[in-house]
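To start, the structure under review is shown below, and the notes come after it.
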Amino acid sequence: MNRVKSESLMQRALKVIPGGVNSPVRAFKGVGGTPIFFESSNGPYMTDVDGNQFIDYVGSWGPLIHGHCFPETLNGIKKQAGYSLGFGAPTELEIKIAELIVERVPSIDLVRMVNSGTEATMTAIRLARGFTGRDKIVKFEGCYHGHSDSLLVKAGSGVLTLGLPDSPGVPTDLAKHTLNSKFNDIEKITELFHLHGDDIAAVIVEPIAGNMGCIPAEAKFLETLKLLTQKFGSLLIFDEVMTGFRVGFHSAQGLYNILPDLTTLGKVIGGGLPVGAVGGSKEVMNRLAPSGDIYQAGTLSGNPLTIIAGISVIESLTPQSYEDLKEKTDYLVTGLTKAAHVSNVPVTINVVCGMFSLFFTDQNKISDYQLASECNVKKYTNFFHGMLEEGVYFAPSAFEAAFISTTHGEIEIEKTIEAANKVMPRI
C-alpha cells in the first residue's frame, strides 16, 4: 500500500509540531511506523492523502456514532454557519441541547457546556472540591480523564500507550491529593475509604473504561462506589465523555441503573466537533458561577456550530439505534474471535454495544489495568499493521477502544472479518 504522501507530510510536520502530531496517540508510537494523514471520509470509510481507502473503527475516537459526514449534522452546520459562527452570548440552541441531555441522562438536572472532555472533568473535580470543602480525589489505575494536573496520575490512553511515568509538570503538592485504587477491586477501594474517607471530595470513574482498552466496570463495583461516597459524604463522578450517548439511550449509567452525583460528557454530544459538558443535581450544579461561588468560564462554550451538530446526533438516536449497534458489534466480534481461534491466536474481546477491544492474551477476562498491560502488545501491533494493509483502520494503540457506527453494514463487517482471517495466521 502506497503511503508516500503520508510519509512526506510527517517529515514536514516534525519541523513545526512537537512529535509531528497534535495528540500523542496519533503518532503511532505504540505500534511503530508512520502515521496516516487522512483527507476525506464518508460513512464507515476514510481516505488518506495517497488515495487509500479504509474501513474505520476509530470514529474520531468515539464521537462519530453515525459515521463520517452524517447528513443531518452537515446540513445543520452549514445552515448555522450562514447565521453566525458564534456570539459569545446566549442562544436558544444551548437551551435545546441542555434539555435533550437532561431528558436522557438520568442523574442530570442542570448541565454546563464546555469545550472538551478534559475541561469537563477538570470542572467536575473543582466543583466537587468546592462543594465538599475537601481536597482529595480518588481515581482508578488506567482510567484516563483528560490531561489536567489532578487527573494525570496513573492514567490510561496515551500515557499507557507511550509507557510514560506520571507526567513532569504535575506538582507533587497537587498530585498528593489524588489517590489511586484498582479498577473493579471492591476490597481496595473500601480500604482506601476507611483510611481517607473524611478527606475525599470525590471519586471519578469511567463506568466503562476505554483508555486501557474497553473494560466495563462490574455492577457490584459501581454499587460499592455509590454506597461509599454516600456514607462518607463524597461525590461520585461518572466520566461518560466516551460512553455518554455511545453505549445506550441513557448512557452507561442507564445500563447500570446507578445515578452519580456528577456526570461528564463529550464526544457524541458534539457530533464530531470539540465539546464537553458537566451535569448533575441542582444542589451541586448551582454552586457554579454565576449561580454560586465556584468559578468556571469559557469563551467558546456552547458554540452554535458544535451545539447544532450535537443536537442533530442526539435527536437521531433511539433505543432501536443501540439495539442495531449491539447486533452489528456482536456479529463482528464473533467473526474476529473465530478468525483468531482458527489460527490458534489467543484473544479476549471485551464489548459493550458499539464499543470493543481486542486483547491478545490467554486470560479469559480482562478487568483491570494490570491485566490489560500484561497483554501481548507485539501481537496487537502485528494485527494493526496487517489489517491496515487490508484496508481496515483500528486504533494505533493496544490500549484504546474500537468503535462501530450505524453506517457499518454487512459488507464492511464481512470485509473486516475476511481481512482478519488473512491477518491472524501471520501475527
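The values are calculated or read from the model by the stated rules, or taken from the named source; none is laboratory data. None of these values were measured; they are calculated from a predicted model. Reconstructed Cβ throughout: ideal geometry from the backbone, glycine too, with neighbour counts over all protein chains shown. Quick note on the areas: whole protein, heavy atoms, side chains included, nothing else; ligands and nucleic acids left out. Shrake-Rupley method; radii C 1.70, N 1.55, O 1.52, S 1.80 Å.
Quick notes
- Residue that is within 12 Å of Val278 (Cβ to Cβ) and either out of contact with any Ser or Thr (no Cβ under 6 Å at 6 or more places or on another chain) or assigned to a loop (DSSP other than H, G, I, E, B) (or both), where the choices are Ile101, Ile125, Ile97: Ile101
- Among residues that are within 25 Å of Glu374 (Cα to Cα), without any contact (Cβ under 8 Å) to a residue 40 or more places away in the chain and not aromatic (Phe, Trp, Tyr), Lys182 is not included.
- Taking the conditions (1) part of a loop (DSSP other than H, G, I, E, B); (2) open to solvent by 40 Å² or more (accessible area, probe 1.4 Å) in turn, Gly213 satisfies each one other than (2).
- Flag for Gly335 being of a type in the set (Gly, Ala, Ser), assigned to a helix (DSSP H, G or I), open to solvent by less than 20 Å² (accessible area, probe 1.4 Å) and touching a residue at least 60 places away in the same chain (Cβ under 8 Å): yes
- In the stretch 81-134, the residues that are within 22 Å of the chain's Cα centre (by Cα) and basic (Lys, Arg): Arg104, Arg112, Arg126
- Sole exception among (1) open to solvent by less than 30 Å² (accessible area, probe 1.4 Å); (2) closer than 30 Å to Arg426 by Cα; (3) in contact with a Cys (Cβ under 9 Å, 6 or more places away or on another chain) for Lys326, by number: (1)
- Residues considered: Glu410, Glu418, Glu414. Of these, the only one that is within 17 Å of Gly67 (Cα to Cα) and open to solvent by 10 Å² or more (accessible area, probe 1.4 Å) is Glu410.
Residues checked against (1) open to solvent by 60 Å² or more (accessible area, probe 1.4 Å); (2) modelled with pLDDT of 95 or more; (3) within 29 Å of Leu317 (Cβ to Cβ):
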position	(1), (2), (3)
Glu92	yes, yes, yes
Ile95	yes, yes, yes
Leu100	no, yes, yes
Ser107	no, yes, yes
Met113	no, yes, yes
Ala124	no, yes, yes
Glu141	no, no, no
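- Where a residue in the stretch 118-141 is touching a residue at least 12 places away in the same chain (Cβ under 8 Å) and hydrophobic (A, V, I, L, M, F, W, C) and its partner, wherever it lies, is open to solvent by less than 10 Å² (accessible area, probe 1.4 Å) and part of a loop (DSSP other than H, G, I, E, B), with Cβ under 7 Å and at least six apart: Met122/Gly146; Phe140/Phe183
- Any hit, the stretch 360-368, residues being crowded, with 20+ Cβ neighbours inside 10 Å, touching a Ser or Thr at 6+ places or on another chain (Cβ under 6 Å) and under 19 Å from Phe28 (Cα atoms): no
- Taking the numbered list (1) in a helix (DSSP H, G or I); (2) basic (Lys, Arg); (3) surrounded by fewer than 20 Cβ atoms within 10 Å (Cβ to Cβ) in turn, Lys379 passes all entries but (3).
- Contact annotation: residue pairs with Cβ atoms under 9 Å, 6 or more positions apart or on different chains, pairing a residue in the stretch 399-427 that is closer than 25 Å to Gly272 by Cα with a partner that is open to solvent by 50 Å² or more (accessible area, probe 1.4 Å) and not in a helix (DSSP H, G or I), are Thr407/Asn42; Thr416/Glu390.
- Against the test of being within 17 Å of the chain's Cα centre (by Cα) and either free of Cβ contacts under 8 Å to residues at least 24 places away in the same chain or part of a strand (DSSP E or B) (or both), the options Asp239, Asp330 yield a single qualifying residue, Asp239.
- Exactly one residue out of Val203, Val241 is crowded, with 24+ Cβ neighbours inside 10 Å and within 30 Å of Tyr380 (Cβ to Cβ): that is Val241.
- Complete set of residues in the stretch 302-323 that are open to solvent by 30 Å² or more (accessible area, probe 1.4 Å), more than 21 Å from Glu410 (Cβ to Cβ) and of a type outside the set (S, T, N, Q): Leu305, Ile308, Glu315, Pro319
- Options Tyr295, Tyr322; residue that is modelled with pLDDT of 95 or more, within 19 Å of Ser107 (Cβ to Cβ) and among the aromatic types (Phe, Trp, Tyr): Tyr322
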